[in-house]
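Participant: Here it is: the structure, laid out below.
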Amino acid sequence: MRSDASVSFSTQNDFSGVGRGFHLWPANFCYASRLNLIWKGRTDMWLTIMRHWVRYRLIFKVLFFAVLGLGIYLGVSPSPPPTSASWHAYFYHAGGLFTCTLLSFLGFPRWYWWVRGGLMFAVGVTIEYVQSFHPTRSADITDIYANTAGVAAGLVCIFVFQWWRGARLN
């Protein structure tokens, strides 16, 4: 039994069917209208995000090439010989290619996932290859593993985003 008051009591609990429960909504509450308002708000938010994404696509492309160029410059520039392997170096490798992978999606969203992953993997391997010829740098297979982990993490984030976007629009 529900009344027109905003707080009403009933003899049955909505969850278990037994016991005494109370309701914090008016008697004329319509689930469908509330869900449509929530859905419309999320759709409006999504459309706003997409408009900004399209509006700033050129900036994302410039950022992608700037970060890619900075990574290549830092990867092939002379530096002191490495003293020992540390987690900082692996974090830089993985983080740099993770960032490049995400920026490549924001700048070029129509690339296939395997093209994006292949290009980012090729960048990492090429940098390690060039480092093998530099006298103060050294190529290491664990750097390639870190690069691959960064690319894979970026692709997973892109897959999750695309799944979420598809779930929200369908």
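The values are calculated or read from the model by the stated rules, or taken from the named source; none is laboratory data. The structure presented is a predicted model; accordingly, all values stated were derived computationally and were not measured. Glycine gets a Cβ as well: all are built from the backbone with ideal geometry, and neighbour counts include every protein chain shown. Please note that ligands, DNA and RNA were not included when accessible areas were found on the heavy atoms of the full protein model with its side chains. Shrake-Rupley method; radii C 1.70, N 1.55, O 1.52, S 1.80 Å.
Participant: Would you pick out the residues in region 97-112 that are within 18 Å of Phe65 (Cβ to Cβ) and either open to solvent by 30 Å² or more (accessible area, probe 1.4 Å) or not in a helix (DSSP H, G or I) (or both)?
Facilitator: Of everything in region 97-112, those that are within 18 Å of Phe65 (Cβ to Cβ) and either open to solvent by 30 Å² or more (accessible area, probe 1.4 Å) or not in a helix (DSSP H, G or I) (or both) turn out to be Phe98, Thr99, Leu102, Leu106, Phe108, Pro109, Arg110, Trp111.
Participant: Given the residues Val115, Val156, Val151, which is the only one that is open to solvent by 50 Å² or more (accessible area, probe 1.4 Å) and farther than 17 Å from Trp53 by Cα?
Facilitator: On the way: Val115 fails: open to solvent by 50 Å² or more (accessible area, probe 1.4 Å); Val151 fails: open to solvent by 50 Å² or more (accessible area, probe 1.4 Å).
After applying the criteria, what remains is Val156.
Participant: Still on this structure, I have one more. Any idea which of Phe133, Phe98, Phe161, Phe91 is aromatic (Phe, Trp, Tyr) and at pLDDT 95 or above?
Facilitator: Being aromatic (Phe, Trp, Tyr) and at pLDDT 95 or above holds for just one of Phe133, Phe98, Phe161, Phe91, which is Phe98.
Participant: Across region 55-82, what is the number of residues that are modelled with pLDDT under 80 and either of a type in the set (A, V, I, L, M, F, W, C) or surrounded by 12 or more Cβ atoms within 10 Å (Cβ to Cβ) (or both)?
Facilitator: Count: 2.
Participant: Right, next: Do we have Gly118 as modelled with pLDDT of 90 or more and under 16 Å from the mean Cα position of the chain (by Cα) here?
Facilitator: Details: modelled with pLDDT of 90 or more: yes; under 16 Å from the mean Cα position of the chain (by Cα): no.
Answer is no for this residue.
Participant: Moving on to the next point. Look at Pro26 and say whether it is surrounded by 11 or more Cβ atoms within 10 Å (Cβ to Cβ) and at pLDDT below 55.
Facilitator: Taking the combined requirement at face value, the residue satisfies it.
Participant: Of the numbered conditions (1) part of a helix (DSSP H, G or I); (2) open to solvent by less than 60 Å² (accessible area, probe 1.4 Å); (3) without any contact (Cβ under 8 Å) to a residue 40 or more places away in the chain; (4) of a type in the set (Gly, Ala, Ser), Ala139 fails exactly one; give the number of that condition.
Facilitator: (1)
Participant: Being assigned to a helix (DSSP H, G or I), open to solvent by less than 60 Å² (accessible area, probe 1.4 Å) and of a type outside the set (A, V, I, L, M) is the filter here; which residues of region 118-136 pass it?
Facilitator: Once the filter is applied, which keeps residues that are assigned to a helix (DSSP H, G or I), open to solvent by less than 60 Å² (accessible area, probe 1.4 Å) and of a type outside the set (A, V, I, L, M), region 118-136 yields Gly118, Gly124, Glu128, Gln131.
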